[in-house]
1. Within 30 Å of Arg77 (Cα to Cα), open to solvent by 70 Å² or more (accessible area, probe 1.4 Å) and either in contact with a Pro (Cβ under 6 Å, 6 or more places away or on another chain) or basic (Lys, Arg) (or both), is that true of Arg288?
2. Return the total of residues in segment 137-155 being closer than 12 Å to Ser121 by Cβ and open to solvent by 40 Å² or more (accessible area, probe 1.4 Å).
3. Considering each residue of segment 393-407, count those that are over 34 Å from the mean Cα position of the chain (by Cα) and either at pLDDT 95 or above or farther than 25 Å from Lys302 by Cβ (or both), and give that number.
4. Among the residues of segment 396-419, how many are touching a Ser or Thr at 6+ places or on another chain (Cβ under 7 Å) and surrounded by fewer than 23 Cβ atoms within 10 Å (Cβ to Cβ)?
5. Modelled with pLDDT of 95 or more and of a type in the set (Lys, Arg): which single residue out of Arg368, Arg328 fits that description?
6. Which numbered condition in (1) buried (at least 19 other Cβ atoms within 10 Å of the Cβ); (2) in contact with a Gly (Cβ under 8 Å, 6 or more places away or on another chain); (3) closer than 22 Å to Arg139 by Cβ is the only one that Gly329 fails?
7. Within segment 369-381, is even one residue assigned to a strand (DSSP E or B), open to solvent by less than 40 Å² (accessible area, probe 1.4 Å) and closer than 17 Å to Ala429 by Cα?
8. Within segment 383-395, restricting attention to residues that are touching a residue at least 24 places away in the same chain (Cβ under 8 Å) and open to solvent by less than 30 Å² (accessible area, probe 1.4 Å), which residue is farthest from Ala412 (Cα to Cα)?
Amino acid sequence: MPRSYFTLFCRFAIVFSFMVGRARAATTYDLRPDGSPKTVRVQAQLDVGGDVKLVEEGKNRTLKLSVSAQIHYDERRLLVRNAEPGTSRSVRLYRQARAEIKIGEEGVRPMLRESRRLMVSDEAEQRVALFSPAGPLTREELDLIDIPANSLLLDRLLPSQPVEIGQRWRHDDALLAKLLGLDAVSQSDVQSELKEVAGNRAKIELAGRLLGAIGGVSTEIEIKAKYRFDLNRRQVTGLGLLVKENRGIGLVNTGLDVVAKLQLALAPTADDGELSDTALAQLPLEPRPEFLALECDSPAKKFRIFHNRDWHLMADAGDLLALRYLDRGELVAQCNISSLADVEPGKQPSLAEFQHDLEHSLGKTFERFLAATEATNSLGQHIYRVVAEGRVSDLAIQWHYYLIANRDGQLAVFAFTVESALAERLGDADEALAATIEFAARPTARKPTPAGARVSRR
């Protein structure tokens with residue numbers, strides 16, 4: 001090849017390479033959200049099918065599960081002052097929240113109370129917390145609205161830099177844990193890819209597998225999703241999600257072998273009415289402990305308790321509530337709460353009689369009493385607290401008992417069981433739980449005021 005032709009070819013190659021580079025740059029798309037506060041209307045349809053795995057009388061058992069839930073709400077994103085990176089908050093007005101759940105032959109239809117339609121979604125903690133400024137939720141209400149792919153987090157799926165069609169980006173493990181309601185993700189290859197841009201709409205696909213943990217057990221998840229981004233409005237406008245999960249049987253949760261399908265649609269709407277600046281200015285929107293607490297009625301409606309979300313209800317039959325306390329996925333304690341027959345006001349057993357009954361009921365496992373105190377709070381509730389220690393199968397155990405009597409002679413007993421080695425991790429969680437009890441008012445009795453009063457000891 002003559003030198004002149006070779007030189008011309010090289011120059012052409014350089015120019016062509018430059019033109020291709022410019023062409024590629026022209027096909028780069030900025031999918032970053034604008035981040036400004038805005039209000040969207042969210043419509044969610046969640047369908048779940050598969051098996052629930054549990055252990056009954058030492059034997060594994062599976063039951064068919066089906067779920068169909070419709071969740072509709074308006075959501076206004078808020079500016080959080082002095083927020084840490086990755087912290088966000090929104091306030092929601094639920095217009096519809098209902099589900100039909102069938103496990104085996106049993107079915108339930110949980111619904112959200114009218115007084116709890118206004119909610120806050122807060123990402124300040126390891127998991128996104130949903131709560132109502134109007135007061136505590138029940139566990140059923142929380143489970144109803146705490147669906148996968150929290151809309152507060154959808155913008156976090158988007159790439160932090162402009163991308164080309166066909167380009168992929170990975171997702172942070174902490175974000176995936178929050179999106180799927182897990183305690184943690186230990187391994188993941190989940191990533192998104194920009195598939196197409198048509199007009200002002202970008203289509204993105206997400207896929208991968210991950211290993212995670214929830215409630216002290218491992219779970220394997222395969223996830224696929226398609227989501228849309230509006231280049232003009234700078235926000236995600238829709239998501240279709242498919243989740244296949246195989247979760248082990250846990251200390252507080254059943255195992256799962258299920259497929260979940262979620263459809264989300266997001267559209268702009270006005271932020272007037274209950275989500276207006278004027279309405280929100282009058283509301284406390286921070287995640288206070290009293291808002292994060294869950295309320296739980298005894299089956300016979302004789303009393304109500306309020307507990308933090310580390311306590312998990314295991315049984316509610318007759319006059320008994322049974323709860324377990326988990327700390328970082330590890331079982332720390334169990335609590336059984338039951339009501340006793342009413343007595344004449346002020347005629348409850350003495351502290352010495354209460355100790356005698358406890359020693360008798362513990363039998364050969366009892367070794368000694370570590371504490372025995374008597375107190376009265378400002379509600380007039382009389383409280384005995386007795387801590388006993390003993391051994392069960394060579395394992396050192398503590399039992400923390402509370403006998404609570406109100407002014408009307410209504411009685412309840414809290415019985416906490418904790419390994420002696422874990423008593424320090426339980427801390428004052430037992431006393432905090434017992435202090436929340438509210439007895440149901442008798443027809444002729446004064447209506448109880450909310451618990452939480454200061455206790456004076458003697």
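The values are calculated or read from the model by the stated rules, or taken from the named source; none is laboratory data. This structure is a prediction, so every number in the text was calculated from the model and none was measured. Cβ atoms come from the backbone with ideal geometry, glycine included; neighbour counts cover every protein chain shown. Remember, those area values only see protein heavy atoms, side chains included, never the ligands or the DNA or RNA. Shrake-Rupley method; radii C 1.70, N 1.55, O 1.52, S 1.80 Å.
1. So Arg288 fits the description; yes.
2. The qualifying residues number 1.
3. Result for segment 393-407: 2.
4. Residues in segment 396-419 being touching a Ser or Thr at 6+ places or on another chain (Cβ under 7 Å) and surrounded by fewer than 23 Cβ atoms within 10 Å (Cβ to Cβ): 6 in total.
5. Arg368
6. (1)
7. yes
8. Gly390
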